[in-house]
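The values are calculated or read from the model by the stated rules, or taken from the named source; none is laboratory data. Since the structure is predicted, the reported quantities are computational estimates derived from the model, not experimental observations. Positions of Cβ are backbone-derived with ideal geometry, glycine not excepted, and every protein chain shown enters the neighbour counts.
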Amino acid sequence: MAKITFITKDDNTIVCEADSGSVMELAVQNGVKGIDGDCGGVCSCATCHVHVAPDSVERVGEAGEIEKDMLELDDEANERSRLCCQLEVSDELDGIVLHVAH
Amino acid sequence: MKPSDHPDPFKQARIEQGVSEIDDQNDPVNMVLRLKDVRKCAHNWKTYSSEATPGRIVVPSEVNIRDTRQIPFEVDPPKHGAFRQLLDPWFKRPLQDDYRDKLRTQISALIHEVIQQQSIEAIHGFSLLLQSRALTLLMNTPESEADTFISWGTHVFRSEDDPLDAGKAQQLYDYIDQKIDEAEANPSEDLFSTLLAAEVEGQKLTREQIKGIIILTFAGGRDTVINMVTNTLAYLADHPESLKRLREEPEIRTRAIEELIRYFSPLTHMGRVATEDAQVCEHAIKANSRISLCWASANRDETVFENPNEVVLDRKINPHVAFGFATHNCLGATHARTIMQVLIDELCQQVDHIDFVSADENIEQWGKFERKVGYHKLNLAFHPV
Ligand code: HEM
Ligand code: HEM
Ligand code: FES
């Protein structure tokens, strides 16, 4: 079981738990504002953009090349940006904190 | 080649030049063909504007047949954002359960009907009906309005012999005028009344603006949805193993839908007007000339997609631009995706297989490129489970 914390643009903190699926799906199921997941998680819509909290970065890891290309053109992108549909929920991610980008 | 295949006419030009010029009524267009370039130009609205003379960003240009500016389509930021803020919640309604349920009732009944028949012509006997009925949900008008939309035929803007027919567009403008009058006299919960009551940046919308918004829900959502639905039926008829797989593995349906939309790319390209001298992959773009963002070519870019010319139903990473990219991304995408979800679910439930009887392909001509966008006629026979 992994506990994942989302902090929205309007400073709401939502703590969710899951043991499978993508982080985007988890956010959508819990109504996290700013995560729409329009494309269902195939890396085409960028409506699942998060900034990984500095001390979670190592565990979350780097974006792949296609994901980086998507993020490059997002006005809110920074070096800690990820599209969270590309993150699989696992024990590895237990305790991470994600700031919703939009 | 199989009859449901959609070949990629842009491959060579995309690999060798990246940009290809075509003529259109003496106002040439540089088609941008690579995925990264298409995304960059779509993102860069300051250099590549949508707010040109109304009709000029459409290819073929509609400058000579209309003056109404389409909103939000032909508006640049920041004004564009104010309109999207107003419209986005309305166009997200397809995510609600009762919307989905009503759509399911419509589509289920339609499939039930076509199963009884020996064979059907799928565009007039299925896709047009589905699209028109579903549009009444999007506009929240009585379902009986669908009969009017159906009576207009597949092309609201064009007659058989004239691709740019101003007279035909007039019937749509007249219909919209009449509906705005009715909504003024008797406000309801439909899109017309909602727009009449709405404000953008503290101002009521003008009648011209309301027309510009409504016309776009007809224009943007007609051919695109009809082709998406028709092409999906043709593909499943031609690939019975895929229908079987979708039935047995419901978890891949979301990916399959994105993949089919990538592969079909119902909207081939959309234009922009350069506001300054610029460059796309070393190709000069002159100020006040036109480019187009070719979604269809970008979606077959071999530097991004493995096996770009194959439908890979469970394609996991699929950064397609069939619904556009950045500022002007498709306002109707939620509606379109919901239609596909319900359609696939209901086909899996009710239909064992579909026979591909015969077809007459619809090939668009863009300069030297010939692109199959769908069918003029498609005859199919549905068989129940
Ligand atoms: C499979 C079906 C559809 C496809 C492939 C599609 C494709 C697209 C694309 C590529 C764009 C971007 C145009 C640009 O950047 O200039 C777009 C914009 C748009 N589409 Fe769709 N579309 C579809 C269905 C619909 C539907 C059902 C509606 C509404 C009823 C709709 C309404 C619009 C509107 C209003 C815009 C302009 C948005 C803006 O400027 O902010 N589309 N569409
Ligand atoms: C008032 C606005 C619009 C008008 C008057 C209009 C008019 C037309 C006309 C005349 C054609 C036929 C072109 C030809 O045969 O060469 C056409 C085709 C098409 N339009 Fe539009 N259009 C409008 C807006 C849009 C928008 C916003 C979209 C999508 C975002 C769109 C998508 C398409 C598609 C996909 C086709 C090709 C359909 C086919 O050939 O089967 N249109 N439109
Ligand atoms: S959900 Fe669409 S890119 Fe992540």
Can you tell me which residue in the range B:198-229 is farthest from the other protein chains (Cβ to nearest Cβ), limited to those that are part of a helix (DSSP H, G or I), near ligand 1 (Cβ under 8 Å from one of its atoms) and under 16 Å from B:Ile261 (Cβ atoms)?
B:Asn227
Conditions first: (1) in contact with a strand residue (DSSP E or B) (Cβ under 7 Å, 6 or more places away or on another chain); (2) over 30 Å from B:Ser358 (Cβ atoms); (3) away from ligand 2 (no atom under 11 Å from the Cβ); (4) at pLDDT 95 or above. B:Cys281 passes all but one, so which condition is the exception?
(4)
Can you find, within the range B:65-104, the residue that is surrounded by the fewest Cβ atoms within 10 Å (Cβ to Cβ) among those that are polar (S, T, N, Q) and within 16 Å of ligand 2 (Cβ to nearest atom)?
B:Thr68
With of a type in the set (Asp, Glu) and either within 11 Å of another protein chain (Cβ to nearest Cβ) or at negative phi (or both) as the only criterion, which of A:Asp11, A:Asp69 stands out?
A:Asp69
Determine which member of the set B:Ala296, B:Ala359, B:Ala381 is more than 10 Å from every other protein chain (Cβ to nearest Cβ), within 10 Å of ligand 1 (Cβ to nearest atom) and either under 16 Å from B:Arg34 (Cβ atoms) or modelled with pLDDT of 95 or more (or both).
B:Ala296
Quick check: is even one residue across the range B:234-257 within 13 Å of ligand 1 (Cβ to nearest atom) and either away from chain A (no Cβ under 14 Å) or in contact with an Asp or Glu (Cβ under 9 Å, 6 or more places away or on another chain) (or both)?
no
Given the structure, is B:Val321 among the β-branched types (Val, Ile, Thr), surrounded by 18 or more Cβ atoms within 10 Å (Cβ to Cβ), within 16 Å of ligand 1 (Cβ to nearest atom) and more than 14 Å from every other protein chain (Cβ to nearest Cβ)?
no
Going through (1) surrounded by fewer than 18 Cβ atoms within 10 Å (Cβ to Cβ); (2) over 18 Å from B:Asp223 (Cβ atoms); (3) in contact with a Leu (Cβ under 9 Å, 6 or more places away or on another chain); (4) without any contact (Cβ under 8 Å) to a residue 40 or more places away in the chain one by one, B:Asn140 fails only at (4)
Hey, B:Gln25 under 26 Å from B:Tyr375 (Cβ atoms), surrounded by fewer than 16 Cβ atoms within 10 Å (Cβ to Cβ) and more than 14 Å from chain A (Cβ to nearest Cβ) or not:
no
Of all the residues that make up the range B:105-137, how many are without any contact (Cβ under 8 Å) to a residue 40 or more places away in the chain, surrounded by 17 or more Cβ atoms within 10 Å (Cβ to Cβ) and not hydrophobic (A, V, I, L, M, F, W, C)?
5
Could we say that B:Val351 is crowded, with 16+ Cβ neighbours inside 10 Å and of a type in the set (Val, Ile, Thr) here?
yes
First in the range A:33-48 and more than 7 Å from every other protein chain (Cβ to nearest Cβ), second anywhere and within 16 Å of ligand 2 (Cβ to nearest atom) and at pLDDT 95 or above, Cβ under 6 Å, 6 or more apart:
none
Select from the range A:41-80 the residues that are within 22 Å of B:Glu258 (Cβ to Cβ), away from ligand 1 (no atom under 16 Å from the Cβ) and among the hydroxyl-bearing types (Ser, Thr, Tyr) and list them in ascending order.
none
Run down B:Asn288, B:Asn309 and say which single residue is at positive phi and modelled with pLDDT of 95 or more.
B:Asn288
Restricting the range A:39-69 to residues that are over 14 Å from the mean Cα position of the chain (by Cα) and surrounded by 15 or more Cβ atoms within 10 Å (Cβ to Cβ), which is nearest to ligand 3 (Cβ to nearest atom)?
A:Cys39
When every residue in the range B:293-334 that is within 15 Å of ligand 2 (Cβ to nearest atom) and free of Cβ contacts under 8 Å to residues at least 24 places away in the same chain is compared, the one farthest from B:Tyr263 (Cα to Cα) is B:Asn329
